[in-house]
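Since every read-out is calculated from the coordinates, none of them should be taken as a lab result. A quick note: this is a predicted structure, and the numbers were derived from the prediction, not measured. Positions of Cβ are generated from backbone atoms using ideal geometry, with glycine treated the same way; all protein chains shown enter the neighbour counts.
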Amino acid sequence: MNPASSSERRDVLHSWCVQEAWNAPTVTGGRGARFWDRDGREYLDMSSLAECSNLGHQHPAVIAAIQEQAAKLCFVTAAWGAEPRAELARLLLDKSGFEGGKVFFTLGGADANEHAVKFARQATGKTAGLIVARDRSYHGASYAAMALSGDARTQAQADPAAFGVLRALPPYAYRCPFGTTSDLACGAAAAAQVACLIDEAPAPGAAAVLMEPNAGTNGIVAPDNYWPALREATRQRRVLLIADEVMSGFGRCGEWFAWQRHGEAGRPDLMTLAKGLTGAHIPLGAVVLSREVAARLEHEMLCTGLTYCGHPLACAAGAAAIRAYEQEDLIERSKDLGRRMFERLKALQAKHPAIGDVRGGQGLFAVLEFVKDRATREPLAPWPESPAALRALVDAARAAGVSFATRGNLLLLAPPLVIGEEELNDAIDLLDRLIGNQVFA
Ligand SMILES: Cc1ncc(COP(=O)(O)O)c(C=O)c1O
């Protein structure tokens with residue numbers, strides 16, 4: 001362990017780990033799809049660190065925009081106007097086609113989701129309206145966001161009922177909770193359950209449904225029919241649909257926003273953003289509201305705000321990030337390269353019986369689910385335990401200079417959208433060798 005790591009281990013309280021077990025290298029630099037530590041070891045980043053460095057590390061145009069804004073003006077309170085804030089709001093409304101809508105800025109994904117829920121409740125006039133969210137989801141780690149999340153790690157900490165949250169079962173076609181045997185049947189059954197929950201919600205009734213349209217921390221990629229069916233069910237019932245695009249947005253799923261794959265049939269009433277919004281160069285989150293939702297808030301007091309809402313440095317980074325995605329054609333690149341990555345992963349599945357399922361493929365996002373037995377689909381470890389074999393595989397990959405992310409039985413692939421095709425293929429070749437060497441039983 002290097003000296004900086006040991007002092008960090010002593011002085012910093014780290015997230016999502018047992019403190020005494022934390023022992024990570026200190027990262028001192030990065031460029032494109034690679035970063036390196038203070039001992040000079042370099043890593044190819046196959047998870048965009050926290051599925052957020054979509055533009056790669058140290059994107060020069062984003063850094064220049066931050067520097068320029070820092071030299072000009074670092075801070076303006078939300079009570080006054082700020083040019084980068086207005087510019088970024090305009091860009092987001094353009095890219096999402098939310099003409100006539102509005103954007104509220106937050107500091108990250110959790111507070112974006114909490115604010116989307118506040119706005120949905122206020123706009124529907126149901127101040128204590130119920131929110132339908134699902135199991136095996138993740139919407140953040142502040143209290144209300146934990147209650148919205150159906151996440152095994154946080155469920156003991158925030159009671160969904162106390163926050164007015166109803167839970168639906170996930171559209172997890174590989175292990176369908178409704179017992180169906182096809183993706184589409186699972187998607188239809190899961191959307192029908194959401195409709196039932198709305199219909200049977202106790203007074204004051206449901207105000208909104210909050211879900212991810214595609215990729216996610218918990219490794220469930222919804223079948224194609226799920227999101228449009230949710231849209232239809234919520235529209236018929238006059239309940240708002242909130243798309244959590246914190247992870248799936250900004251090219252991760254081959255579109256600016258994952259719902260756009262379904263065209264107008266997938267357009268939500270609100271959507272939440274973070275991560276790829278600035279490519280993680282500066283923390284920033286946002287809620288994008290449709291024209292109708294924004295109109296309902298136009299003449300009422302909005303009783304919320306954060307000191308750093310729409311911070312100029314973060315908004316300048318966000319505007320530069322959007323221009324970079326556009327100029328480098330990264331959304332289209334993610335779609336093309338993601339398709340090829342998916343084909344290679346399907347070939348790995350055909351070769352290695354330990355890979356039970358491969359999901360994703362719409363962009364540079366894919367999930368491999370590992371099993372003990374392909375025929376029975378017996379999990380490598382009960383969810384959400386992390387199996388020793390997968391931990392060993394990730395450690396060996398890291399020693400070989402490639403950084404992968406895992407969650408339970410899942411390996412999540414979400415490289416920066418700027419990754420070279422050769423780099424990507426090298427990482428998959430390494431995965432192939434490591435899976436071949438590892439015993440999964
Ligand atoms: C889908 C989704 N929503 C919300 C969040 C929370 O975002 P943040 O960590 O910025 O609060 C995350 C973070 O991983 C996420 O993946």
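Considering only the Cα atoms of the chain, their convex hull presents on average a projected area of 20.7 nm². Simple rule: put +1 on each Lys or Arg Cβ and -1 on each Asp or Glu Cβ in the chain, find the dipole, and look at Gln260, Ile63, Ala396; the Cα lying farthest toward the positive end is Gln260. The mean sequence distance of close C-alpha pairs (under 8 Å, at least 6 residues apart), as a share of the length of segment 61-327, puts its relative contact order at 29 percent. Under the convention that each Lys and Arg Cβ holds +1 and each Asp and Glu Cβ holds -1, the size of the dipole of the chain around its Cα centre is about 460 debye. For segment 200-216, putting each phi into the Karplus relation 6.51 cos²θ - 1.76 cosθ + 1.60 with θ = phi - 60° gives couplings of 9, 4, x, 4, x, x, 7, 9, 7, 10, 10, 8, 8, x, 8, 4, x Hz, in residue order, rounded to whole numbers and with x for Gly and Pro.
Going highest first, how would you order 354-363, 432-441 by mean Cβ packing within 10 Å?
354-363, 432-441
Per residue and in cubic angstrom, what volume does the convex hull of the Cα atoms of segment 146-291 have?
Working: hull volume 18.3 nm³, N = 146.
Cα-based convex hull of segment 146-291, divided per residue, equals 125 Å³.
Beta bridges from DSSP with both residues in segment 61-327: antiparallel share about 40 percent, rounded to the nearest 5.
Cβ distances below 4.7 Å define possible disulfide partners, and in the chain the cysteines left without one are Cys17, Cys52, Cys74, Cys196, Cys253, Cys303, Cys309, Cys315. Per-residue Cβ neighbour counts within 10 Å put Lys72, Lys372 in the sequence Lys72, Lys372, beginning with the fewest. In this structure, Val76 and Leu297 have a Cβ-Cβ separation that, at R0 = 25 Å, corresponds to a calculated FRET efficiency of about 0.70. Couplings for segment 252-258, taken from phi via the Karplus curve 6.51 cos²θ - 1.76 cosθ + 1.60 with θ = phi - 60°, read 4, 10, x, 9, 4, 10, 4 Hz in order; Gly and Pro are left as x.
Scanning residues 5 or more positions from Ser149 or on other chains, those with amide H under 5 Å from its amide H are His139, with H placed 1.01 Å from N in the peptide plane.
Close amide H partners of Gly30, meaning residues 5 or more places away or on another chain with modelled amide H under 5 Å apart, are Trp36.
Which of the chymotrypsin sites (Phe, Trp or Tyr not before Pro) found in segment 135-183 are loop residues per DSSP with 16 or fewer other Cβ atoms within 10 Å of their Cβ? Spell out each step's value before the answer.
Numbers: sites: Tyr138, Tyr143, Phe163, Tyr172, Tyr174, Phe178; in loops: Tyr138, Tyr172, Phe178.
The qualifying sites are Phe178.
Computed from point charges on the beta carbon alone (+1 for Lys and Arg, -1 for Asp and Glu), the dipole magnitude for segment 219-353 about its Cα centre is near 480 Debye.
Which value at 222 nm does the chain reach when only helices count, each DSSP H run of 4 or more adding -39,500 (n - 2.57), with the total divided by all residues and rounded to the nearest 500 deg cm²/dmol?
Working: 13 runs with 164 residues, N = 441.
For the chain, the value works out to -11500 deg cm²/dmol.
If you take the beta carbon distance between Arg10 and Arg235 as r and set R0 to 51 Å, what does 1/(1 + (r/R0)^6) give as a FRET efficiency, to the nearest 0.05? It comes out at approximately 0.40.
Taking 23 Å as the limit for the C-alpha separation, the pairs Lys95/Lys335; Lys102/Lys126; Lys275/Lys335; Lys346/Lys372; Lys95/Lys346; Lys351/Lys372 exceed it in the case of Lys95/Lys346.
Going from the fewest other Cβ atoms within 10 Å to the most, the residues Trp383, Trp16 appear in the order Trp16, Trp383.
Each Cα pair under 8 Å and six or more residues apart adds its sequence gap; the mean of these over the residue count of segment 81-155 is a relative contact order of 21 percent.
Converting phi to 3J(HN,Hα) with the Karplus coefficients 6.51, -1.76 and 1.60 and the offset θ = phi - 60°, segment 135-149 yields 5, 6, 9, 9, 10, x, 10, 7, 4, 5, 5, 5, 5, 6, 7 Hz in sequence order, with x at every glycine or proline.
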